[in-house]
1. Based on what the data block shows, is T44 farther than 30 Å from R162 by Cα and touching a residue at least 40 places away in the same chain (Cβ under 8 Å)?
2. What's the number of the condition E57 fails, among (1) at pLDDT 95 or above; (2) open to solvent by 50 Å² or more (accessible area, probe 1.4 Å); (3) charged (D, E, K, R)?
3. Of R124, R59, R107, which residue is of a type outside the set (S, T, N, Q), without any contact (Cβ under 8 Å) to a residue 24 or more places away in the chain and not in a helix (DSSP H, G or I)?
4. Any idea which of (1) surrounded by fewer than 16 Cβ atoms within 10 Å (Cβ to Cβ); (2) not in a loop (DSSP other than H, G, I, E, B) is the one T44 doesn't satisfy?
5. Considering the stretch 18-41 alone, what residues qualify as being open to solvent by less than 30 Å² (accessible area, probe 1.4 Å) and more than 20 Å from the chain's Cα centre (by Cα)?
6. Are there any pairs with C-beta distances below 7 angstrom linking a residue in the stretch 72-91 that is closer than 13 Å to D178 by Cβ to a residue that is open to solvent by 60 Å² or more (accessible area, probe 1.4 Å), with the two at least 6 apart or on different chains, and if so which?
Amino acid sequence: MRRALVIVLSALAFLAGCTTMSADECRAANWSDVGLRDGLEGKTLSLLNDRVKDCAEARVTVDTPRYLQGREQGLLQFCRIENAVPLGLNGKSYQGVCPPAIDPEFRHRYQTARDVFSARTDLRSLESRRATAEERLRNAGNDDERRRARDELRELDLDMVRARDRLRDTERDQLDVDAPSS
């Protein structure tokens, strides 16, 4: 019985965390500002639907035209080509919200930078795994444990060489994207 209560309370807490706005936030919202923030963050229009549902539960009507106006202003800033690279390098996601005229270039620059982020993340993970394997080797109690740790270190060293090559290649691709066209 107690376990069931804990599960129900946990589920309710999780669902409450899924709301986009509280009742108080809905009542106090400047919808133009909310839209502007969402646009500056490159959020999709589906977020507006979530906000409408959340605020309807609080008996608040979203001022959709003002929200959309603010979002468009935010997207004008978000969708600048020079924002694509930092977005990707920071591991953020791009939701395809930019206008069709610039989306292909924005997406290309974003994806190239995102590949660099991914390669760096993979290399850091391998470095961490290698440090753990080195610790295991230092603490090995017998020959079999030492052999396994050395084998793992050899495999990790090979993986790290490949990861560094991938990182070098993706960073070179990033430089090609950043270079001004002649």
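The values are calculated or read from the model by the stated rules, or taken from the named source; none is laboratory data. Note that this is a predicted model, so its numbers are computed, not measured. Positions of Cβ are backbone-derived with ideal geometry, glycine not excepted, and every protein chain shown enters the neighbour counts. Each accessible area value is taken on the protein alone, full model and side chains, heavy atoms only, with ligands, DNA and RNA left out. Shrake-Rupley method; radii C 1.70, N 1.55, O 1.52, S 1.80 Å.
1. On the way: farther than 30 Å from R162 by Cα: yes; touching a residue at least 40 places away in the same chain (Cβ under 8 Å): yes.
Answer is yes for this residue.
2. The single condition E57 does not satisfy is (1).
3. One residue alone meets the criteria, R59.
4. Checking T44 against (1) surrounded by fewer than 16 Cβ atoms within 10 Å (Cβ to Cβ); (2) not in a loop (DSSP other than H, G, I, E, B), the one that fails is (2).
5. Going through the stretch 18-41, the residues open to solvent by less than 30 Å² (accessible area, probe 1.4 Å) turn out to be 21, 26, 29, 31-32, 34-35, 38-39.
Hits for the stretch 18-41 are M21, C26, A29, W31, S32, V34, G35.
6. From the stretch 72-91, the pairs are I81/E105; V85/D178; G88/Q111; G88/R114.
Conditions tested, residue by residue: (1) over 30 Å from R109 (Cβ atoms); (2) open to solvent by 60 Å² or more (accessible area, probe 1.4 Å); (3) free of Cβ contacts under 8 Å to residues at least 12 places away in the same chain.
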| position | (1), (2), (3) |
| --- | --- |
| E134 | yes, yes, no |
| N139 | yes, yes, yes |
| E145 | yes, yes, yes |
| A149 | yes, no, no |
| A163 | no, no, no |
| R166 | no, yes, no |
| T170 | no, no, no |
| D173 | no, yes, no |
